[in-house]
1. Got a sec? How would Ile171, Ile457 order by Cβ neighbour count within 10 Å, fewest to most?
2. Between Ser287, Gln430, Leu372, whose Cα lies farthest towards the positive end of the dipole of the chain when Lys and Arg beta carbons carry +1 and Asp and Glu beta carbons carry -1, centred on the Cα centre?
3. Rg to Rh for region 273-359: what is it, with Cα atoms only and Rh by Kirkwood?
4. In Å, what is the Rg of the alpha-carbon atoms in the chain, and how long is Dmax?
5. How would you classify region 1-48 from its alpha-carbon gyration tensor, with a ≥ b ≥ c the square roots of the eigenvalues: rounded for a/c under 1.5, else prolate if a/b is greater than b/c, otherwise oblate?
6. Relative contact order for the chain: what percent, with Cα pairs under 8 Å and sequence separation of 6 or more?
7. Using +1 on the beta carbon of Lys and Arg, -1 on that of Asp and Glu, and nothing else charged, what's the dipole of region 336-486 about the Cα centre, debye to 20?
8. Summing -39500 (n - 2.57) over the DSSP H runs of n ≥ 4 in the chain and dividing by its residue number, what mean residue ellipticity at 222 nm do you reach, to the nearest 500 deg cm²/dmol?
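Bear in mind that the values in this text are calculations on the coordinates, not laboratory data. No experiment lies behind these values; they were computed from the predicted model shown. Glycine gets a Cβ as well: all are built from the backbone with ideal geometry, and neighbour counts include every protein chain shown.
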Amino acid sequence: MKLETLIENLQYEELINFEDVEITGISYNSQTTKSGDIFACLVGEHSDGHDYFKSAVECGARAFFVEKKLDTHLPQVVVKSTRRQIADISDKFYGSPSKQLNLIGVTGTNGKTTVTHLIQKILEAKQEKCALIGTLGYKLTSDGEYKEAKHTTPQAPELQAVLSKIVTKDIPNVVMEVSSHALEQNRVGGCVFKGGVLTNLTQDHLDYHITMDNYFDAKAILFKGLKPGSFAVINADDEYAQRFLDIIPKGVNVLTYGIKNSADVMAKNVDFSLSGAEFFCFTNKFSTSPVKLQMNGMFSIYNVLAAITVGLALGIDLNSCIKSLESTKGVDGRFEVIVKQPLVIVDYAHTPDGLKNVLTAAREITSKTSNLICLFGCGGDRDATKRPKMGAIAERLSDKIIISSDNPRSEDPQQIITDVLSGLKSINTQKVFVEADRKKAIQLLKTISDKQDVIVIAGKGHETYQILKDKTIHFDDREEARKVFLGIE
């Protein structure tokens with residue numbers, strides 16, 4: 001694509017050394033820049049892409065997307081914000097692929113991954129091809145392999161490239177996790193959403209957003225951008241539900257779901273057992289039907305309700321939605337049962353609300369004569385205010401807890417643990433255990449548990465790595481649990 005074509009609708013400040021060169025790609029990392037690329041000098045919290053333009057030149061960059069003039073003879077397009085406006089040129093370069101797709105965005109603190117997978121299942125059960133983009137990567141079918149993604153929602157050039165690939169594969173539907181960071185940073189700029197889904201809004205990412213109001217404002221971007229004729233699905237039980245409902249544009253079809261508050265789609269007569277959850281699904285405009293899930297926990301019911309409501313918004317009948325989800329066993333690292341005796345569950349819960357939900361679900365299937373044991377930690381270089389809150393939740397809902405490391409990153413693991421401990425009412429050595437080494441902590445679980453107990457290993461879920469101060473190592477909670485309790489290497 002010619003540079004002039006790439007920027008024809010772009011709001012730019014200035015053109016320097018302009019020449020209508022051929023652009024064959026978009027890059028923002030000088031180490032992966034290819035000949036013919038336009039190199040976007042992104043300005044971030046810790047680095048400035050303008051500092052790497054010489055490396056990009058050496059790699060064959062043909063033009064630059066900048067916020068300030070560079071010392072080079074190559075064409076430069078000066079804009080106010082490269083980070084926000086890279087989405088504009090990415091959408092243009094790949095031919096605005098979202099306009100050719102039924103793109104559904106799912107946002108919220110918890111549940112995004114599961115809900116996207118459930119929506120994909122519902123669509124595929126109706127012989128509708130549906131691709132998925134999210135935390136685990138992206139895949140073109142539910143039984144396909146994941147392709148790696150660096151973020152829950154990819155950076156704009158990668159996202160538009162994936163959407164373009166989906167178009168070329170003749171897949172009409174895409175369901176995508178949309179993180180607050182992606183919305184705030186305009187990574188989804190240019191995307192036209194057929195529908196938006198809110199799972200919930202609870203404390204997370206306050207190291208980035210600072211306040212819950214800012215966090216709400218970021219999530220709200222998805223719904224404010226919906227066009228007439230699209231749909232919005234909102235969790236009526238969420239504390240922020242009404243605020244979201246108030247900002248949805250006129251002409252958007254709004255459907256709500258819930259358990260406690262009146263909603264368009266509701267779950268009643270909820271019951272849990274070791275084999276899963278059961279409830280009756282009541283709807284205002286559709287029908288009523290029993291549901292028997294292989295998944296467990298109240299949070300799973302909310303996830304299922306969200307997916308069913310999307311199905312109804314897309315015109316799929318209730319029974320078809322339910323049937324497709326009753327055979328679903330869940331998502332990797334989300335309340336995933338690893339061992340049966342004791343019952344060992346691995347979950348991605350890494351927020352106060354997420355930990356509360358998973359422990360409440362685990363308590364439902366813990367007998368009165370058994371213990372509920374929780375192993376968890378908190379991530380480094382992230383919102384520190386949630387650490388004592390998670391400690392208090394674990395203490396209140398568990399019979400025994402092991403506090404360990406998660407992804408400490410650049411922080412001292414012991415300091416993170418100290419922050420968690422500050423939320424406990426008392427440190428009873430018969431109930432509270434501390435082991436900073438996560439591998440040893442999982443080994444300790446066997447020492448303090450009996451076969452009838454229920455164990456929750458929370459925080460990392462599907463992750464197969466641990467980020468330490470000076471390196472990233474292979475680490476998988478599921479593998480470690482199997483080694484300890486089953487002797488499987």
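1. Arranged by neighbour count, lowest to highest, Ile171, Ile457 become Ile171, Ile457.
2. It is Ser287, whose Cα lies furthest towards the positive end.
3. Working: Rg = 14.1 Å, Rh = 14.0 Å.
On the Cα set of region 273-359, Rg over Rh gives 1.01.
4. Cα-based Rg and Dmax for the chain come out at 23.7, 76 Å.
5. Working: a/c = 2.33, a/b = 1.33, b/c = 1.75.
It is oblate, given that a/c is not under 1.5 and a/b is not larger than b/c.
6. Numbers: 1075 pairs, mean separation 49.3, N = 489.
Reported as a whole number, the value is 10 percent.
7. Once rounded to the nearest 20, the dipole reads 340 debye.
8. Numbers: 16 runs with 158 residues, N = 489.
Computed mean residue ellipticity for the chain: -9500 deg cm²/dmol.
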